[in-house]
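A short worksheet on the structure shown next.
The values are calculated or read from the model by the stated rules, or taken from the named source; none is laboratory data. Predicted, not measured: the structure shown is a model, and the values here were computed from it. Every residue, glycine as well, gets a Cβ built from its backbone with ideal geometry; the counts of neighbours run over all protein chains shown. These accessible areas exclude ligands, DNA and RNA; they are computed on the full protein's heavy atoms, side chains included. Shrake-Rupley method; radii C 1.70, N 1.55, O 1.52, S 1.80 Å.
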Amino acid sequence: MAMISIGHEYAAAVEATRARLGVSGTWFDADEVRAIVARADARSRQRSSAPWHHELPDSTEILGLSARAVIDRIASDPGSVDAGWAAEQIGDLGEGPYVELVGTTAVAVALRLFADAVGVGVVPVVTAAEPGEPSRDTPDGLGDIGAHVKMLEPFPFANVARALSQVPTANATFYTLVRPMYSAAGFDELVWKTPLSRPQVELVAARVAAMNECFY
Amino acid sequence: MGIEVDLDTAVGSGDPAATGMAGGAELLAFAEAAVKGASLGGLRRALIAAVGMDGAAQAAATVAAFSGLVRVADGTGIPIDDGLASASTEIRGQLDLDSFAGAGNSDLRAVVAGGANDPISLFGGASS
């Protein structure tokens, strides 16, 4: 099987991200974070098979029904999320836990797709969890911008950069992985001196976004 | 300056061979199969031949990054940024992007032509 060799920067991003997923988050403890990652990874691994063939790890039973519903939807069909569904889950979970679930699931799916894409079979399930209590901290300065959840407001940059800002630990974990994988060359530089040109990267990005029916 | 790109091809409704850029067809085929979870062996070889090993790694990283970004965007329901909404009206129409469910997160009626059209400044925070 042909494999793609990855450079130090990508390998370091993956390892740093996995390390962050091994500790307690803001709303979920380390065992729960591990369960979130395991379930999202399982959903993602089985993305090409029929739903009735899916097998999900028993370890995710420690998560509540709404938490599992959020992981499943975000991992499998994020384009179908609407305000009504999100409000229903947030009503059960609270905004902070919902945001952390979204961010952690997104990271787990990204790790899985990277592993599958390069063909190395890296398993993004976190195997070691450190003890610790979730801080349950909510930052000051949150506002309603018309999204499903509150986020930092005002904010001078793109909405996607503040989407997880209600849970800074989740936001930091997400960008620990995503920034080196997408915009290491600098988003504000139109010409990237990277192996792929900026247009080539954006071509791939556009196809991925369109396949997920992501309007944003 | 620059190159001409077929936007229909970028989102999957055009001819993959007509992207207008080197390795475009291989990049699109690889990205599509990676997202679907399809077999990638032959596509990886073709991609490496087209853009090199490091380019293929960057393509894989881009697939991963955007698979995460779309989930964060749709999961949190962020509206489209004001400047981008104004700048993308014609493109959204051409590609029928307003039919995506996530379009409901944005009040597109509020978009006023001539608004701030500087996406680079908007995204500055994401690259810092």
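List of remarks:
- Check on A:GLY186, farther than 21 Å from B:VAL70 by Cβ and modelled with pLDDT of 95 or more: no
- Positions within segment A:180-197 being of a type outside the set (A, V, I, L, M) and in contact (Cβ under 8 Å) with a residue 12 or more places away in the chain, in sequence order: A:PRO180, A:TYR182
- Taken over segment A:146-165, the criterion of being within 13 Å of B:THR76 (Cα to Cα), assigned to a loop (DSSP other than H, G, I, E, B) and within 7 Å of chain B (Cβ to nearest Cβ) is satisfied by A:GLY146, A:ALA147, A:HIS148, A:VAL149, A:ALA163, A:LEU164.
- Only one entry of B:ALA59, B:ALA25 meets the criterion of being open to solvent by 10 Å² or more (accessible area, probe 1.4 Å), outside the structural domain of B:ALA103 (by TED's automatic domain parsing) and farther than 19 Å from A:GLU213 by Cα, and that entry is B:ALA25.
- Hits in segment B:1-22 (condition: closer than 14 Å to A:ALA210 by Cα and either open to solvent by less than 30 Å² (accessible area, probe 1.4 Å) or more than 7 Å from chain A (Cβ to nearest Cβ) (or both)): B:LEU7, B:ASP8, B:THR9, B:ALA10, B:SER13, B:GLY14
- Boolean, B:ILE78 is outside any helix (DSSP H, G or I), more than 13 Å from A:GLU213 (Cα to Cα) and either at the interface with another protein chain (Cβ under 7 Å from one of its Cβ atoms) or within 15 Å of the chain's Cα centre (by Cα) (or both): yes
- Test for A:THR127: is it modelled with pLDDT of 95 or more, more than 9 Å from every other protein chain (Cβ to nearest Cβ), out of contact with any Cys (no Cβ under 7 Å at 6 or more places or on another chain) and part of a loop (DSSP other than H, G, I, E, B): no
- Within segment A:180-216, the set of residues being in a helix (DSSP H, G or I) and more than 7 Å from chain B (Cβ to nearest Cβ) comprises A:PRO180, A:ARG198, A:GLU202.
- Pairs linking a residue in segment A:21-48 that is closer than 15 Å to A:LEU101 by Cβ to a residue that is in a helix (DSSP H, G or I) and open to solvent by 50 Å² or more (accessible area, probe 1.4 Å), with Cβ atoms under 6 Å and 6 or more positions apart or on different chains, are A:GLY25/A:THR169; A:THR26/A:THR169; A:ALA35/A:SER59; A:ALA35/A:ILE62; A:ALA38/A:SER59; A:ARG43/A:SER76.
- Checking each residue in segment B:71-97 for being more than 23 Å from A:GLY84 (Cα to Cα) and open to solvent by 30 Å² or more (accessible area, probe 1.4 Å) picks out B:ASP82, B:LEU84, B:ALA87, B:THR89, B:GLU90, B:ILE91, B:GLY93, B:GLN94, B:ASP96.
- Segment A:202-214 - residue that is farther than 16 Å from A:LEU113 by Cα and touching a residue at least 12 places away in the same chain (Cβ under 8 Å) and, of those, most open to solvent (accessible area, probe 1.4 Å): A:GLU213
- Residues of segment B:28-50 satisfying the condition of being touching a residue at least 12 places away in the same chain (Cβ under 8 Å) and open to solvent by less than 30 Å² (accessible area, probe 1.4 Å): B:LEU28, B:PHE30, B:ALA31, B:ALA34, B:VAL35, B:ARG44, B:LEU47
- The residue list B:VAL72, B:VAL63, B:VAL35 contains one member that is facing another protein chain (nearest Cβ under 8 Å), in contact with a Leu (Cβ under 9 Å, 6 or more places away or on another chain) and within 30 Å of A:LYS150 (Cβ to Cβ), which is B:VAL72.
- Test: residue in segment A:166-177 that is at the interface with another protein chain (Cβ under 7 Å from one of its Cβ atoms) and open to solvent by 10 Å² or more (accessible area, probe 1.4 Å): no
- Tally, over segment A:1-20, of residues that are closer than 15 Å to A:GLU100 by Cα and either among the aromatic types (Phe, Trp, Tyr) or open to solvent by 50 Å² or more (accessible area, probe 1.4 Å) (or both): 1
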